[in-house]
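Visitor: Dumping the structure here so I can ask a few things about it.
Rule-based calculations on the coordinates, nothing more; no lab input. Since we're looking at a predicted model, the values are computed, not measured. A quick note on method: Cβ atoms are made from the backbone with ideal geometry, for glycine too, and the neighbour counts reach across all protein chains shown.
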Amino acid sequence: MSGTHSDVLILGGGSGGYACAFRASQLGFSVTLIEEDKVGGTCLHRGCIPTKALLHTAEVADIARTSETFGVQAKFEGIDIDAMHDYKNGTVERLYKGLQGLVAQHKITTVVGHGIVVGDRTVEVDGVRYTATSVVLATGSYARTIPGIELGDRIVTSDQALNLGFVPKKAIVLGGGVIGVEFASVWASFGADVTVIEALPRLVAAEDPWCSKHLERAFRKRGVTSRTSVKVASAKESNEGVVVELESGDTLDADVLLVAVGRGPRTADSGFAEHGITLDRGFVVTDERLRTSVDGVYAVGDIVGGLQLAHRGFQQGIFVAEEIAGLHPVPVADHLIPRVTYSHPEIASVGFGEDAARDRYGDITSVVYDLSGNGKSQILKTAGGIKVVRAGGEGADGPVVGVHMVGDRVGELIGEAQLAVAWEALPSDIAHFVHAHPTQNEALGEAMLALAGAPLHAHS
Ligand code: NAI
């Protein structure tokens, strides 16, 4: 059976897919969006939004636990799991309603079902064929697991961990990447005894090692155990809990094991490879303009190798719509994409770490401004720092090429950091801008002052 022909057909309604749909519609194209589950995808329903809601509950728990430090008489008496899920689900639901309203407003034709590429710019859903002038693949990613470790009620990925019906007393997190660290943080705030197992020598291994060091130290203070450079040999679940055996020979037990070892691209069951779309280890191969190996077919979001972040997907979706419209948009540069890990403390970074910057620019200079010298951070009682990396050796005035931050709320500082890196600002350009006092932004300003050779509040 033949369905509609559209200018742009998008397979997958997550961050990348719906952003592309909205922009394409704004540009005057007829748009069909195929989604088998809910518009909003992983980010809205199983990722960014619900996890950050849990992290906010965790922050409230920490505030309650430490309230007396701030002169408030309150007590942390535990987590009301049903109320917590109501709050989280309510947040998702409100955003979902808003998103559905926007889909309707943009006059996007939505098709519910599993789409399969069956021919040249042709996608079939439940026996109905939809054709288009341009096709955008945006099928997203799934939580990877480890062969030999069977998922169950207590061995879970982030999908199930979000809806866990109990607060674990003891939790093991397999994988010290972003998801692992965020859940470790949540469960530690809820009072659990948490161990993170990471195969690499440090947590958040994609970040500058300085960030890992600060995070590991902060986790240690919070009672979170980090076991790095070690792999899991086996994991078994019983009614009472899980038993995890490490390759080192140690055995650990807990109420729950979270498997957070990365996300794989969802490209296996939609006819991509069968219709000439080149894949590399499951990821769709694209050029800089997000064109796949098949003419008129583009790919965006987590199925394209690189940072798997919702905001990258959004931007790539917008890019492709504008590319199809012939607007010659600027390609999305991965190193300019801000990264935030919302643990307690947070990690936020943009641009290159010291090693990558040195590889690219040769001589570099970096400074660290410790949050102990920042008034607002002291008020909040958060430790950490801001590291700024600029190109050029001592005494030069090269552009800022990387900013790395650790501390509560530093995610909110990423905007200024991103502008500095993306605009290739010189520290001396920024140093004379006034930062409001007392804010954590001042710490970024101080780091720029130091790099420009005129630190105000630095201890020598
Ligand atoms: P990840 O790739 O960030 O981390 C996975 C970690 O698991 C790695 O450090 C890896 O070395 C480790 N690992 C793999 N196999 C292992 C084994 N057998 N034993 C021990 N350790 C092992 O992946 P993650 O944390 O699952 O996140 C998936 C994606 O979702 C990431 O790309 C992340 O950026 C994104 N995400 C982003 C968030 C944010 O921006 N705040 C929040 C959550 C996820």
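Visitor: Charges at C-beta only: +1 for Lys and Arg, -1 for Asp and Glu. How large is the resulting dipole of region 15-146 about its Cα centre, in Debye rounded to 20? Spell out each step's value before the answer.
Guide: Values: 13 positive and 14 negative charges, 92 e Å.
In total the dipole reaches around 440 debye.
Visitor: A further question follows. Taking H as built 1.01 Å from N, whose amide H comes closer than 5 Å to the amide H of ARG227, not counting residues under 5 places away?
Guide: The list, which skips near neighbours in sequence, is VAL196, ILE197, GLU198.
Visitor: Excluding VAL232 itself, what net charge comes from residues whose Cβ is under 12 Å from its Cβ, given Lys and Arg +1 and Asp and Glu -1? Mind showing how you got there, number by number?
Guide: Working: positive: ARG227, LYS231, LYS236; negative: GLU198, GLU245, GLU247, ASP250.
Result for the neighbourhood of VAL232: -1.
Visitor: Cα centroid distance between region 325-358 and region 87-132, in Å?
Guide: A separation of 29 Å, based on Cα centres.
Visitor: Given the rule -39500 (n - 2.57) for each run of at least 4 DSSP H residues, summed and divided by the residues of the chain, what is its mean residue ellipticity at 222 nm, to the nearest 500 deg cm²/dmol?
Guide: Details: 13 runs with 144 residues, N = 460.
Taking each H run of at least 4 residues, the total per residue is -9500 deg cm²/dmol.
Visitor: Once a ≥ b ≥ c are taken as the square roots of the eigenvalues of the Cα gyration tensor of region 271-360, is the result rounded (a/c under 1.5), prolate (a/b larger than b/c) or oblate (a/b not larger than b/c)?
Guide: prolate
Visitor: While we're on this one: Computed FRET efficiency, Cβ-Cβ of LEU95 and VAL368, R0 30 Å: what is it to the nearest 0.05?
Guide: Working: r = 37 Å, r/R0 = 1.23.
Efficiency at R0 = 30 Å is approximately 0.25.
Visitor: Any chance you could check the Cα centroid distance between region 359-386 and region 430-460 for me, in angstrom?
Guide: Cα centroid of region 359-386 versus Cα centroid of region 430-460: 10 Å apart.
Visitor: Using modelled amide H (1.01 Å from N, peptide plane; none on Pro or chain starts), what sits under 5 Å from the amide H of ALA171, excluding residues fewer than 5 places away?
Guide: The answer is ASP193, VAL194, THR195, ASP255.
Visitor: Here's something else I'd like to know. In what sequence do VAL389, VAL244 fall when counting other Cβ within 10 Å, fewest first?
Guide: Details: VAL389 28, VAL244 22.
With the sparsest Cβ surroundings first, the list reads VAL244, VAL389.
Visitor: On to the next question. May I have the pair-distance distribution P(r) for the chain, computed from all Cα-Cα distances with 20 Å bins from 0 and rounded to whole percent?
Guide: Pairs per bin, as whole percents: 23, 52, 25, 1.
Visitor: Let me ask you something else. For the chain, what is the percent of antiparallel DSSP beta bridges, rounded to the nearest 5? Mind dumping the intermediate values first?
Guide: Working: 45 of 79 bridges.
Within the chain, antiparallel bridges account for around 55 percent of the total.
Visitor: Please get the size of the charge dipole for region 187-299, origin at its Cα centre, with Cβ charges of +1 on Lys and Arg and -1 on Asp and Glu, quoted in debye to the nearest 20. Could you put the intermediate results ahead of the total?
Guide: Details: 14 positive and 18 negative charges, 99 e Å.
Dipole about the Cα centre, nearest 20: 480 debye.
Visitor: Could I ask something else about it? Computed on alpha carbon atoms, what radius of gyration and Dmax characterise region 72-178, expressed in Å?
Guide: Rg then Dmax for region 72-178, in Å: 20.7, 67.
Visitor: Let me ask another. Run the simple label-point estimate for ASP429 and ASP86 please: 7 Å along Cα→C-beta, distance reported in nm.
Guide: Result: 5.1 nm between the two label points.
Visitor: When only Cα pairs under 8 Å and 6 or more residues apart are kept, what is the percent relative contact order across the chain?
Guide: Values: 1008 pairs, mean separation 66.7, N = 460.
15 percent.
Visitor: If you don't mind, another one. Could you go through region 58-74 in sequence order and give the Karplus-derived ³J(HN,Hα) for each residue, using 6.51 cos²θ - 1.76 cosθ + 1.60 with θ = phi - 60°, rounded to whole Hz, and x for Gly and Pro?
Guide: 4, 5, 4, 4, 5, 5, 4, 5, 9, 4, 4, 4, 9, x, 10, 8, 9
Visitor: Pop the C-beta distance of SER238 and ALA422 into the FRET formula with R0 = 60 Å and round what comes out to the nearest 0.05. Intermediate results must be reported in sequence, preceding the final value.
Guide: Values: r = 51 Å, r/R0 = 0.85.
Efficiency computed from Cβ-Cβ geometry: 0.70.
Visitor: Turning to a different aspect of this structure: List, in order, the whole-Hz ³J(HN,Hα) value for each residue of region 332-342 obtained from phi through the Karplus relation with A = 6.51, B = -1.76, C = 1.60 and θ = phi - 60°; use x for Gly and Pro.
Guide: Ordered by residue, 3J(HN,Hα) equals 7, 8, 4, 6, 9, 7, x, 10, 10, 9, 8 Hz.
Visitor: While we're looking at this one, here's another question. Over region 70-214, calculate the relative contact order: mean separation of alpha carbon pairs under 8 Å at least 6 apart, over the residue count, as a percent.
Guide: For region 70-214, the relative contact order is 15 percent.
Visitor: Where the convex hull is taken over the Cα atoms of region 1-153, what is its projected area averaged over directions, in nm²?
Guide: On the way: hull surface 53.8 nm².
Answer in nm², one decimal: 13.5.
Visitor: Follow-up question, since we're still on this one. Which of the peptides 117-130, 297-310 is most tightly packed, and how do the rest follow, going by the mean number of other Cβ atoms within 10 Å of each residue?
Guide: Details: 117-130: 16.8, 297-310: 24.8.
So the order, starting with the most tightly packed, is 297-310, 117-130.
Visitor: Can I get the semi-axes of region 327-460's equivalent ellipsoid? Compute them from the C-alpha gyration tensor as square roots of 5 times the eigenvalues, in angstrom, largest first. Walk me through the intermediate numbers first.
Guide: Working: eigenvalues 101, 67, 36 Å².
They are 22, 18, 13 Å, listed largest first.
Visitor: Further question on the same structure: How would you rank 267-277, 194-204, highest first, on the average number of other Cβ atoms within 10 Å across their residues?
Guide: With the highest mean Cβ count within 10 Å placed first, the list reads 194-204, 267-277.
Visitor: Same structure, new question: From the Cα gyration tensor of region 75-120, with a ≥ b ≥ c the square roots of its eigenvalues, which class applies: rounded if a/c is under 1.5, or else prolate if a/b is larger than b/c, or else oblate? List each step's numbers first, then the result.
Guide: Details: a/c = 5.89, a/b = 2.32, b/c = 2.53.
In terms of gyration-tensor shape, oblate.
Visitor: Just want the ordering: LYS231, LYS381, from fewest to most Cβ atoms lying within 10 Å of their own Cβ.
Guide: Values: LYS231 13, LYS381 10.
In increasing order of surrounding Cβ atoms, one gets LYS381, LYS231.
Visitor: With an 8 Å cut-off on Cα pairs and a minimum separation of 6 or more residues, tell me the relative contact order of region 55-131 in percent. Working shown, then result.
Guide: Working: 37 pairs, mean separation 10.0, N = 77.
Averaging sequence separation for qualifying contacts and normalising by length gives 13 percent for region 55-131.
Visitor: Sorting VAL31, VAL230 on the 10 Å Cβ count, fewest up front, what's the list? Provide the component values of the computation, followed by the final result.
Guide: Working: VAL31 26, VAL230 15.
Lowest to highest Cβ neighbour count: VAL230, VAL31.
Visitor: Sticking with this structure for a sec: In terms of Cα to Cα distance under 27 Å, which lysines are near enough to LYS376, apart from those fewer than 8 places away along the same chain?
Guide: LYS52, LYS75, LYS213, LYS221, LYS387
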